[in-house]
Amino acid sequence: MNLQELQEIASTCVLCSLHEGRIKPVFAKGNPEAKIMICGMVPADDENRSGIPFVGRAGKLLDQILEDTDLTLNDVYITNLVKCYLAAGKPLEQGWVDACLPYLMIQIETIRPRVIITLGKDSSINLLGMNNKTSMGSIRGKVFDCVDEIKIVPTYHPSYILRNGGKSSKPYQIVIRDFQLATQMTVDYGDIPF
Ligand code: SF4
């Protein structure tokens, strides 16, 4: 199954109750051949209306993070842990995550990025198989193994940065460092002349 076929299946998916709030399916944006995958949590209002991930305030901040780490949309593939809209402030239920996770796993197996940057606790602990008591502070900025030599670098979600001072805040600088760390995972050292 290719990504287009997977996206079409997800667009009419009724595997969990989140489909009831879906206006437009929100699958991914960016380059399916990118070495860096970015995985957020769940689409919000702006994404639900546009059908494109990370287009609201958090998305604008993610654009700024990419710019400040010398990345473009062509360098990354951006998706979410859960594909259908969840109203702001509502906690993500594990049943929704479990129902939707196979879509993300097929995206990972198809794209085979070098590294996945997980934004926020939900995407981080679910891809790392950790329990809900895990704190972001204990895992962010570290490099973990995923499948097939793919690495995972957890960091804060842009929404968290917005709640904690925005671009001039300490969390923003931390996320920049985490993105730079993840970018290092994509370097082909064989290409560097010594
Ligand atoms: S959130 Fe995922 S599992 Fe639930 S209906 Fe949407 S695509 Fe299907």
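The values are calculated or read from the model by the stated rules, or taken from the named source; none is laboratory data. Keep in mind that what you see is a predicted model, and the values were worked out from it rather than measured. Cβ atoms come from the backbone with ideal geometry, glycine included; neighbour counts cover every protein chain shown.
A few remarks follow.
- When residues of the stretch 56-96 are limited to those that are of a type in the set (S, T, N, Q) and closer than 23 Å to residue 13 by Cα, the one surrounded by the most Cβ atoms within 10 Å (Cβ to Cβ): 80
Yes/no per residue for (1) out of contact with any helix residue (DSSP H, G or I) (no Cβ under 7 Å at 6 or more places or on another chain); (2) near the ligand (Cβ under 10 Å from one of its atoms); (3) of a type outside the set (Val, Ile, Thr):
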| position | (1), (2), (3) |
| --- | --- |
| 5 | yes, no, yes |
| 12 | yes, yes, no |
| 19 | yes, yes, yes |
| 35 | yes, no, yes |
| 40 | no, no, yes |
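- Some residue of the stretch 45-65 being within 16 Å of the ligand (Cβ to nearest atom) and closer than 20 Å to residue 130 by Cα: no
- Top-ranked residue of the stretch 21-31 - restricted to ones that are of a type outside the set (Phe, Trp, Tyr) and surrounded by 15 or more Cβ atoms within 10 Å (Cβ to Cβ), ranked as farthest from the ligand (Cβ to nearest atom): 31
Results for (1) out of contact with any Cys (no Cβ under 7 Å at 6 or more places or on another chain); (2) surrounded by fewer than 18 Cβ atoms within 10 Å (Cβ to Cβ); (3) farther than 20 Å from residue 53 by Cβ, shown as yes or no for each residue.
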residue	(1), (2), (3)
103	yes, no, no
106	yes, yes, no
129	yes, yes, yes
133	yes, yes, yes
143	yes, yes, yes
157	yes, no, no
178	yes, no, no
182	yes, no, no
186	yes, yes, yes
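- Pair list, Cβ under 6 Å, 6 or more apart: the stretch 1-26 residue more than 25 Å from residue 88 (Cα to Cα), other residue in a helix (DSSP H, G or I) and more than 6 Å from the ligand (Cβ to nearest atom): 3/110; 6/106
Residue-by-condition table, conditions (1) closer than 19 Å to residue 6 by Cα; (2) of a type in the set (Gly, Ala, Ser); (3) more than 16 Å from the ligand (Cβ to nearest atom):
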{"site": "92", "(1), (2), (3)": "no, no, no"}
{"site": "100", "(1), (2), (3)": "yes, no, no"}
{"site": "109", "(1), (2), (3)": "yes, no, yes"}
{"site": "115", "(1), (2), (3)": "no, no, yes"}
{"site": "132", "(1), (2), (3)": "no, no, yes"}
{"site": "137", "(1), (2), (3)": "no, yes, yes"}
{"site": "149", "(1), (2), (3)": "no, no, yes"}
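- Contact map, the stretch 126-150: first residue acidic (Asp, Glu), second residue in a strand (DSSP E or B), Cβ cut-off under 7 Å, separation 6 or more or different chains; pairs are 145/151.
Here's the yes/no breakdown for (1) over 16 Å from residue 36 (Cβ atoms); (2) modelled with pLDDT under 95; (3) among the β-branched types (Val, Ile, Thr):
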| site | (1), (2), (3) |
| --- | --- |
| 106 | yes, no, yes |
| 113 | no, no, no |
| 123 | no, no, no |
| 128 | yes, no, no |
| 137 | yes, yes, no |
